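A short write-up of the structure that comes next.
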Amino acid sequence: MARSTVMLAAALAIALVLPLALSAFYVVLLTEIAVAALFATAFNLLMGFGGMVSFGHAAYFALGAYAAALLAQKAEWPMLAAFAAAPLVAAFGALVFGFFIVRLSHTYFAMLSLAFAQILYTIIFKWTSLTGGDNGLLNVWPPAFLRSVTAYYYFTLLVIGACFLALHAIVNSPFGYALKAIRENPRRARFIGVNVRRHQLCAFVLSGFFSGVAGAVFAFHNGSVFPDFAFFTKSFEPLIVVLLGGMQSFYGPLAGAFGFKVMEWLISRWAPIYWPLFLGAILIVVILVLPQGFVGLFERRAWRLRAVNGKK
Amino acid sequence: MEMTTSLFPWITNSPLIAVQVMSGLSVGMFLFLLSVGMSLIFGVTRIVNLAHGSFYMVGAYLMAALIEVLPGNPVSFWIALLLAPIGVAVLGGVIEITLLRRVYRRDPMMQLILTFALILIIGTLVLLVWGPDNKSVARPEALAGSVRILGQPFPSYYLLVLGLSPLVAVGLWLVFYRTRWGMLVRAATVDREMLGALGVDVSRLYTQVFAFGSWLAGLGGALAAPTVAVALGMDADVLINAFVVVVIGGLGSFAGTLISALVVGELQSFGILIFPGVSIVLPFALMAVVLMIRPWGLLGEPEE
C-alpha cells in the first residue's frame, strides 16, 4: 500500500512536470490518457468492484459531454458552471436507466445497458435541432484562461486527480466493501443485511457521474461533441482499457489507459487504418493468453515473490 | 448508422394500411434472415456473436467482388449469390476452429469481447482488401424493373429478397425439424453434455452450426448488396438490428426470432407513419421493455 502511494506520488510529480518538457502534441496525448483513465476507472467501479458489466457506458460519457456542450453553448452558461452541472446530468441519466438495469443480472444486465445507450444514441442522432445530429456541436471551447493546451492539461489533471481520490475513497469505504461482497456472492450479501439493489444502483449512479466528468472534460478538450460518443463501439473502450490494465486492481485502468492511448498514438502515426486491426489482435491475445491484463502479469509476479519471501 | 432507411430501402410511407402492413411484413422477413443465424449460434454455442454484422458485410463485399470477376452474363449474378455466402461460411468455420473454440468455457464477457475484437479485425481487413470506396452491385436484368403492387411501384428485385426470406424460414424449419442434423442441433441447445455423452462429436457440430449461422449472415449480405451501397459501416447497422430482434424473440429461439422479426418490422413500418421522428427508437424501446419484463425474451428460456 505504502509502495503504491509512493509510486502514485511519483507519477503525479512526473505528470506535473511533463508539460514543461514536452511539445503541445504530447500534452494533448496526456490529456486524452487522463480522460480515458477516468472513464475506465469509473467503469471499473462497476465491473471490477461490483461485478456488473455495462455495455452502454458510452451513454453517461455522452450525457456528460453533451450536457456540458449544450449548457455552455445553447444556454450560454459560464464554462465552469456547465462543467459542474454536466456530471449531475449524467448521474441523473444513470439513475433513470440504472433503476431498470440493476434489476437484471449478467448478460441481461449488459444487454439492457446497451439498449438504453442505443436509445440515447438515436435520440442524439435524430434530435438535430438540439444536438446538431450527425454534425455534432462545434466550437465548444473553454474560456481564455484554459484555452492553451497546457492550461487545459493542468485543469484536467486537477479534476481527474480529485475524481481518483474520490473513487479511491469510495472503493475503500464500507460501501466499497459491501459492493465487493455483492460481487463475490449476492445472496450471502443479502443475508447479512446488505440491500443489494440499492448498493448496485448507488454504484451505477456514481459510475455514471464519473463517466460524465470524463465526458465533460473531453468535450471542452475536443472542442466539439458527436453522436459517436454514445455509439456502442465507444462503450467498449473502457472495457478494453480495463481488460488491458486488469480489473482486479484500482490502478489497473490507469495503466491500461496509458498503454491503450500510447499504442493508439504509435500505430495511428504509422498507419491509422491498421489501428482497429491491432486493437482486435491485442484483445484476442489478452483474452487467450493474459486474462488478468498486463498489470495482472506484474501483480502475479509480485505476489509470487512475496510468497517466496514469506516462506523464508 | 441510420437504421431503417438504408437497411430497408423498400419501406413505404403510405396512408393505405394494407400497403404499410405489407411493407412491415417484408421488413420483418428480411430482419428474420439477418438475425436467425445469430440466434442459432447462440442457441448452440451460448455465444452472442457480435461479429454477425461483419459476416453480413463480408457477404455483401464478396458478392460485389464476384460479380466484378465473373463474366457479364445473366447467370453470373446467381453464381455469385450462391458462392458469396459459402465464402462467408468458410470464414466463419475457420474463426470458430481457431478462436471461438478456445473460449466456450470462459466467462461470457470474454466471449463478447472476443467477438467484438473480430468486428475490429474484419472491418479493417475489408478496408484493406476492398478499399474505402463504396461499391454498388447491379441488379440482374430480369429484376431490374419494377412492378405495381396495390397501385404502388415496387422494384422487382425486392420481390426476390422478400420471396427468398420466407423460403429460408421454411427451409430452416425443415432442416431443424425434419433432418437428423437439425435434431442434433436442437438437442445441443437443450443439453450439450448429454449429447456428447451419447457419442455425438459436439465440437464438430459447433463448427458446423457456426459456419451455418455465418452462411445465413452472408446470404443476407449478398442479397442486400444490390439494394444498398456496399460500404464500411454496414456491419454495425445489421448487428444492432439483429441484436434487437434476437433479444426480443429470446436468444436461441427459432420461432421467437421469427415472431420478433415480424413485430419489429411492423413496428418500424408503422413507426415511420405515426411517429416519423422517433420511429428508430421504437425497436430499442421494445427491447428495453421486453428485457425488463421477460429478460429471456418472448420465447426464450430463462437460464438456471
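The values are calculated or read from the model by the stated rules, or taken from the named source; none is laboratory data. If you're wondering where the values come from, they're calculated on a predicted model, not measured in any experiment. Virtual Cβ from ideal backbone geometry, glycine too; neighbours counted across all protein chains shown.
Only residues that are over 12 Å from A:Leu38 (Cα atoms) and assigned to a helix (DSSP H, G or I) were counted in region A:243-257, giving 3. If you take the residues in region B:78-105 that are of a type in the set (D, E, K, R) and in contact with a helix residue (DSSP H, G or I) (Cβ under 8 Å, 6 or more places away or on another chain), which one is farthest from the other protein chains (Cβ to nearest Cβ)? In this case the residue turns out to be B:Glu96.
Only residues that are outside any helix (DSSP H, G or I) and more than 30 Å from B:Met110 (Cα to Cα) were counted in region A:9-52, giving 2.
Select from region A:122-136 the residues that are over 21 Å from the mean Cα position of the chain (by Cα) and more than 10 Å from every other protein chain (Cβ to nearest Cβ) and write down the one among them that is surrounded by the most Cβ atoms within 10 Å (Cβ to Cβ). Among them, the one singled out is A:Thr131. Taking region B:108-125 as the range and being within 7 Å of another protein chain (Cβ to nearest Cβ) and under 19 Å from A:Thr107 (Cα atoms) as the test, the residues that pass are B:Pro108, B:Met109, B:Met110, B:Ile113, B:Leu114, B:Phe116, B:Ala117.
Here B:Glu2 meets each of (1) assigned to a helix (DSSP H, G or I); (2) at pLDDT below 80 with one exception, condition (1). Being touching a residue at least 40 places away in the same chain (Cβ under 8 Å), more than 9 Å from chain B (Cβ to nearest Cβ) and surrounded by fewer than 17 Cβ atoms within 10 Å (Cβ to Cβ) is a description that applies to A:Pro78. Taking region A:282-300 as the range and being modelled with pLDDT of 80 or more and surrounded by 14 or more Cβ atoms within 10 Å (Cβ to Cβ) as the test, the residues that pass are A:Ile282, A:Leu283, A:Ile284, A:Val286, A:Ile287, A:Leu288.
Results for (1) part of a helix (DSSP H, G or I); (2) in contact with a Lys or Arg (Cβ under 7 Å, 6 or more places away or on another chain); (3) more than 7 Å from chain B (Cβ to nearest Cβ); (4) farther than 12 Å from A:Tyr66 by Cα, shown as yes or no for each residue.
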{"site": "A:Tyr108", "(1), (2), (3), (4)": "yes, no, no, yes"}
{"site": "A:Leu112", "(1), (2), (3), (4)": "yes, no, no, yes"}
{"site": "A:Ala117", "(1), (2), (3), (4)": "yes, no, yes, yes"}
{"site": "A:Leu120", "(1), (2), (3), (4)": "yes, no, yes, no"}
{"site": "A:Pro142", "(1), (2), (3), (4)": "no, no, yes, yes"}
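Would you mind listing the helices (runs of 4 or more DSSP H) fully within region B:226-297 where at least 3 residues are hydroxyl-bearing (Ser, Thr, Tyr)? In region B:226-297, B:254-274 are the helices (runs of 4 or more DSSP H) which contain 3 or more residues that are hydroxyl-bearing (Ser, Thr, Tyr).
Residues in region A:95-147 that are without any contact (Cβ under 8 Å) to a residue 40 or more places away in the chain, over 14 Å from B:Val278 (Cβ atoms) and of a type in the set (Lys, Arg): A:Arg147 alone. Under 7 Å between Cβ atoms, which residue pairs at least 6 apart in sequence (or on different chains) link something in region A:171-189 that is farther than 10 Å from A:Ala203 by Cβ with a partner that is among the polar types (S, T, N, Q)? Correct list of pairs: empty, since none qualify. For region A:217-234, the tally of residues that are closer than 12 Å to A:Ala36 by Cα and at pLDDT 90 or above stands at 2.
Scanning region A:229-242 for residues that are more than 26 Å from A:Phe25 (Cβ to Cβ) and more than 8 Å from chain B (Cβ to nearest Cβ) yields a count of 3. Within region B:110-156, being among the aromatic types (Phe, Trp, Tyr) and either modelled with pLDDT of 85 or more or surrounded by fewer than 18 Cβ atoms within 10 Å (Cβ to Cβ) (or both) holds for B:Phe116, B:Trp130. Looking only at residues of region A:243-281 that are more than 14 Å from every other protein chain (Cβ to nearest Cβ) and among the charged types (D, E, K, R), we find that the one that is surrounded by the most Cβ atoms within 10 Å (Cβ to Cβ) is A:Lys261.
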